Amino acid sequence: MKVFEMLIPMTIEGLKTTIGVFLVTLIFSIPLSIIVAKLRMSKNKAIANITGTYIYIMRGTPLLLQLMFIFFGFHFVPVIGFAFGRYQAIFIAFILNYTAYFAEIFRGGINSIDVGQVEASTVLGLSKTFTFMKVILPQVIKNVMPSIGNEVITLVKDTSLVYILGVADALKAAKSVSNTYSTFIPYIFIGFVYLVIIAFLTKILGNVEKRFSYYR
Amino acid sequence: MTLIVENLSKSFGATSVFSNVSFSIEKGEIVCIKGKSGEGKTTLLRCLTTLETPDGGSIKINDRYLYKEDNGGIQTASKDNLQEIRQEIGLVFQSFNLFPHMNVLENLMLAPNFLNKRSKEDIEKRAEELLKQLGMEGKGDSYPYQLSGGQKQRVAIARACMLYPSILCFDEPTSALDEDTRGQISEIIRSLAGQDIAIIIVTHDNAFVDEIAERVITMSGGTIYES
Ligand SMILES: Nc1ncnc2c1ncn2[C@@H]1O[C@H](COP(=O)(O)OP(=O)(O)OP(=O)(O)O)[C@@H](O)[C@H]1O
Ligand SMILES: [Mg+2]
């Protein structure tokens, strides 16, 4: 049981990173992604193309590479005399990456709303912003919840990528203990920890979906 | 005159939908616009309600220009005026376009609350009153998906009437209705006209035209004539 004496405190410590990265990413990338989706759909070609390129890069390269690029990349350009700290790099990479994925989901969701909704709002004298916030967005959120939920669950597991910058998350904790005691048990244990987190999130996501099920 | 349309023209790209369309409508009049499919009836209504911008000509509502002829081009009312004039003309869409995530009362009160010209109490009172007038009493808490086609249409009418329009346009109001509900809708339209609202109805339905129209305008070959 020596294993657990070491494993449990280390897991708790690691979970702080796992959950911290998860929450910070979600809190920033969801609102940002709605803005990015609108920019991607802008009538201004330049804005739409720049946003499109950003999304293409973020979805077209591994998050692991983006983490390395943002953290180590700047060390290789000494002229700037500037580099991100580990946690800064982690938050920037995760937020940029997940904003791109969420933005594509929101873009699809916004496109799926009948133009009649905007036209009715126009004829009723509602402003564009008000129409988006009160008429379009609530319907979009209902439609995109299942896809957002998928990404949220992927995000929990993606947080383990922070090991590449030498930051200890829950999975890294298991690995250390496993190496110290030459046992596989920590991996099994951490697998269950992930499952518990996912079960909890699935429940929350289900509740959110239910809150939108009052209409069809 | 409540509505004066002069020399209105509209094309999409190179294809002209109509040109030189002129007519005017008094308050309380019921005017039907007929015409074959694709003649531009919906497009005309969309120009009247600013969903499309005409290419030339003018639209004047209660002595204020919505669009004004300008050196062969067209000038749209200034932003503040546009907002004001737009409220004078309502549209009941063929597909109603109710807000599915809001109940009937919320659908009715959204725009007047946003425009914020009357007190919340007045707005709610008006909504209840309209629902009663339209035989929808007790349906304020229902969501659009819980209503029949005819009921949705009445909510759409009530929603437009919340802004006290002087003109109310209908695009194919009988397309989703059976005989009985058709009778009900013509009664409702007549009573709105009785309240001095000018009514413009675009329709294919000749029986309905015979039943309700005081004037009939036909669109054909890119222009209109009145019979
Ligand atoms: N947004 C658009 N872009 C290009 N062409 C359009 C557009 N909207 C309408 N049209 C064209 O304009 C013409 C008139 O269309 P409109 O919908 O006004 O006809 P309508 O008289 O209402 O027909 P219906 O009786 O079938 O409803 C049609 O040829 C249509 O293809
Ligand atoms: Mg039509």
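Could you say which residue among A:6, A:68, A:58 is in contact (Cβ under 8 Å) with a residue 24 or more places away in the chain and surrounded by 18 or more Cβ atoms within 10 Å (Cβ to Cβ)?
A:58
Condition (residue is within 16 Å of ligand 2 (Cβ to nearest atom), buried (at least 16 other Cβ atoms within 10 Å of the Cβ) and either within 27 Å of residue B:52 (Cβ to Cβ) or under 19 Å from the mean Cα position of the chain (by Cα) (or both)) applied to segment B:76-92: is it met by at least one residue?
yes
Can you tell me which residues in segment A:194-216 are assigned to a helix (DSSP H, G or I), polar (S, T, N, Q) and either over 19 Å from the mean Cα position of the chain (by Cα) or under 22 Å from residue B:103 (Cβ atoms) (or both)?
A:207
Counting only residues that are surrounded by fewer than 16 Cβ atoms within 10 Å (Cβ to Cβ) and facing chain B (nearest Cβ under 9 Å), how many does segment A:116-129 have?
So the count comes out to 2.
Out of segment B:165-180, which residues are within 12 Å of the chain's Cα centre (by Cα) and away from ligand 2 (no atom under 16 Å from the Cβ)?
The answer is B:165, B:166, B:167, B:168.
Show me the helices (runs of 4 or more DSSP H) found entirely inside segment B:130-227 where at least 1 residues are within 14 Å of another protein chain (Cβ to nearest Cβ) and touching a residue at least 24 places away in the same chain (Cβ under 8 Å).
Because the criterion is at least 1 residues that are within 14 Å of another protein chain (Cβ to nearest Cβ) and touching a residue at least 24 places away in the same chain (Cβ under 8 Å), the helices (runs of 4 or more DSSP H) in segment B:130-227 that meet it are B:149-161.
Please enumerate the residues belonging to segment B:37-91 that are assigned to a strand (DSSP E or B), closer than 23 Å to residue B:172 by Cα and away from every other protein chain (no Cβ under 14 Å).
Result: B:59, single match.
What number goes with the only condition from (1) in contact with a strand residue (DSSP E or B) (Cβ under 7 Å, 6 or more places away or on another chain); (2) closer than 23 Å to residue B:224 by Cβ that residue B:46 does not pass?
Result: residue B:46 fails condition (1) only.
Select from segment B:19-38 the residues that are modelled with pLDDT under 95 and near ligand 1 (Cβ under 9 Å from one of its atoms) and write down the one among them that is nearest to the chain's Cα centre (by Cα).
B:35
The values are calculated or read from the model by the stated rules, or taken from the named source; none is laboratory data. If you're wondering where the values come from, they're calculated on a predicted model, not measured in any experiment. Using ideal geometry, Cβ is built from the backbone for each residue, glycine included, and neighbour counts are taken over all protein chains shown.
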